[in-house]
Amino acid sequence: MDNKTLRLNVILFFTIIGIFIIDQNIKILFVDGFRYYTQCIDLILVYNKGVAFSMFAFLDEWLKYIQIVLVTGILTYVIYMKETCYALPAGFLLGGALSNIYDRFIHEGVVDMVYWHCGFNFAVFNFADVMIDVAVVWFLILNFKPHLCKS
């Protein structure tokens, strides 16, 4: 294994593990009963059976297996590309995705807890969702500004 591939794999591995551990520890707080209410943001416990805004909830048990296939495809593609600049955003995305998939197996739904209701009602989301969103924006920036990804 060459140095570039090793660096990619190490960054990817530790980022995935880090995001997964942080997200699961936050979720444990809410499963154990933590709640907090304000005028704009409530920290509550909600189990989401679908994906964003409860879409695809009708897929029930199949959803987690479809997500496993998608995560495996993304991981394979990132490793195949061998571009170190994609390691961190891919780790954010995969760590968040794996944490949410883990929830589907353990809690039969994704543990969500941040409810924004200041001015308008927004979806309830979690740390993993935020990391996935950050990763998607990061990927878009890298794709529209390829000079930022130096070999």
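The values are calculated or read from the model by the stated rules, or taken from the named source; none is laboratory data. Quick caveat: nothing in here was measured; it's all calculated off a predicted structure. We place every Cβ from the backbone using ideal geometry, glycine too, and count neighbours over all the protein chains shown.
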Quiz item: Would you say Ile68 is touching a Gly at 6+ places or on another chain (Cβ under 7 Å), β-branched (Val, Ile, Thr) and within 20 Å of Ala97 (Cβ to Cβ)?
Solution: no
Quiz item: Among the residues of region 83-90, is there at least one that is touching a Leu at 6+ places or on another chain (Cβ under 8 Å), among the small types (Gly, Ala, Ser) and not in a loop (DSSP other than H, G, I, E, B)?
Solution: yes
Practice problem: Please state which one of Asp112, Asp60, Asp32, Asp103 is more than 18 Å from the chain's Cα centre (by Cα), of a type in the set (Asp, Glu) and at pLDDT 90 or above. | Solution: Asp32
Quiz item: Taking only pairs six or more apart or across chains, which ones have beta-carbon atoms under 7 Å, a first residue in region 23-38 that is over 12 Å from Tyr102 (Cβ atoms), and a second residue that is β-branched (Val, Ile, Thr)?
Solution: Phe30/Val111; Val31/Val111; Arg35/Ile44
Quiz item: Listed residues Leu6, Leu29, Leu43, Leu70; which is surrounded by 13 or more Cβ atoms within 10 Å (Cβ to Cβ) and in a helix (DSSP H, G or I)?
Solution: Leu29
Quiz prompt | Candidates Val78, Val136, filtered to the one that is over 23 Å from Leu29 (Cβ atoms) and in contact (Cβ under 8 Å) with a residue 60 or more places away in the chain | solution = Val78
Self-check item: Qualifying positions in region 100-151 - part of a helix (DSSP H, G or I) and of a type in the set (Gly, Ala, Ser)
Solution: Ala128, Ala135
